[in-house]
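Asker: The structure is given below, and queries will be raised subsequently.
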Amino acid sequence: MKVIREDRITPNNGWFAEVDKGQVVRITGQSVIDLVLYNRADRTEWFDVARTRVYNLNIFPTGGHRLFSKHNNPMMRVLADGFTGTGHHDLQSATGCTSAMLEVLKPLGVAVENLPDPLGLFRNMAIDQKTGKITPVPRAPAVPATIELEAEIDLYVALVNCPDATTSPPAADATVTVLVS
């Protein structure tokens with residue numbers, strides 16, 4: 001695969017890009033990365049955590065799972081997940097970096113009411129089997145972990161490096177690489 005873009009995201013800052021169908025987004029990091037997606041052909045269609053949970057029959061997305069929109073369409077597919085074995089990505093909690101995400105999404109003019117709950121990459125949450133209580137479990141990889149996602153449609157992709165001591169101990173830089181075959 002050929003690298004067409006590579007950027008570093010420092011803690012509490014974000015990244016925004018147009019990603020074409022078939023391109024792969026590789027995210028490498030240790031602290032929480034909030035991820036949201038919008039359909040480039042229809043900005044009223046965005047990533048939906050509830051539909052992603054239901055269609056995958058899983059609350060912790062990993063390799064082979066797909067990310068779905070609020071219109072029930074697949075948006076991205078997880079190709080590889082280097083966080084497996086260390087922790088789980090999170091579809092359970094809202095963003096902790098709303099202001100930063102809205103700043104990243106300024107080119108789209110997104111208002112807070114149109115900001116979807118994110119996929120919390122490297123945000124490890126535990127769910128108590130008896131009570132259903134969700135608890136943060138800070139568990140960062142010893143070295144940066146990588147997740148690769150392939151776009152299934154043309155997308156706007158936004159990320160915020162959103163470290164939080166309750167969910168991801170280090171406030172470390174992350175790298176986002178966009179690849180094409």
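The values are calculated or read from the model by the stated rules, or taken from the named source; none is laboratory data. Because the structure is predicted, anything quoted here is derived from the model rather than measured. Please note: Cβ atoms are built from the backbone with ideal geometry, for glycine as well, and neighbour counts cover all protein chains shown.
Asker: Might you let me know whether segment 97-110 holds any residue that is modelled with pLDDT of 95 or more, among the acidic types (Asp, Glu) and closer than 12 Å to Val157 by Cα?
Answerer: no
Asker: Of all residues in segment 172-181, which are at pLDDT below 95 and either more than 17 Å from Leu35 (Cα to Cα) or assigned to a strand (DSSP E or B) (or both)?
Answerer: Ser181
Asker: Just to be sure I understand the filter: pairs with C-beta atoms under 6 Å, separated by 6 or more residues or on different chains, first member in segment 98-113 and more than 16 Å from Glu18 (Cα to Cα), second member of a type in the set (Val, Ile, Thr) and surrounded by 14 or more Cβ atoms within 10 Å (Cβ to Cβ). Which pairs pass?
Answerer: Cβ pairs passing all conditions: Ala100/Val160.
Asker: Among (1) among the aliphatic types (A, V, I, L, M); (2) in contact (Cβ under 8 Å) with a residue 24 or more places away in the chain; (3) touching a Ser or Thr at 6+ places or on another chain (Cβ under 6 Å); (4) surrounded by fewer than 18 Cβ atoms within 10 Å (Cβ to Cβ), which single condition is Leu67 missing?
Answerer: Looking at each condition in turn, Leu67 falls short on (4).
Asker: Need a quick list: strands (runs of 3 or more DSSP E) entirely within segment 75-139 having at least 2 residues that are surrounded by fewer than 16 Cβ atoms within 10 Å (Cβ to Cβ).
Answerer: The qualifying strands (runs of 3 or more DSSP E) are 125-127, 134-136.
Asker: Here's something else I'd like to know. Might you let me know whether segment 38-50 holds any residue that is within 23 Å of Val112 (Cβ to Cβ), surrounded by 21 or more Cβ atoms within 10 Å (Cβ to Cβ) and not aromatic (Phe, Trp, Tyr)?
Answerer: yes
Asker: Take Asp7 and tell me if it is within 26 Å of Glu103 (Cα to Cα), out of contact with any helix residue (DSSP H, G or I) (no Cβ under 8 Å at 6 or more places or on another chain), buried (at least 22 other Cβ atoms within 10 Å of the Cβ) and of a type outside the set (A, V, I, L, M).
Answerer: Here the answer is no, as Asp7 does not meet what is asked.
Asker: Under 21 Å from Ala174 (Cα atoms), aliphatic (A, V, I, L, M) and in contact with a helix residue (DSSP H, G or I) (Cβ under 9 Å, 6 or more places away or on another chain): which single residue out of Val36, Val32, Val25 fits that description?
Answerer: Val36
Asker: Just give me the residues in segment 2-58 being of a type in the set (S, T, N, Q) and more than 18 Å from Asp90 (Cα to Cα), in sequence order.
Answerer: Thr10, Asn12, Asn13, Gln23, Asn39, Thr44
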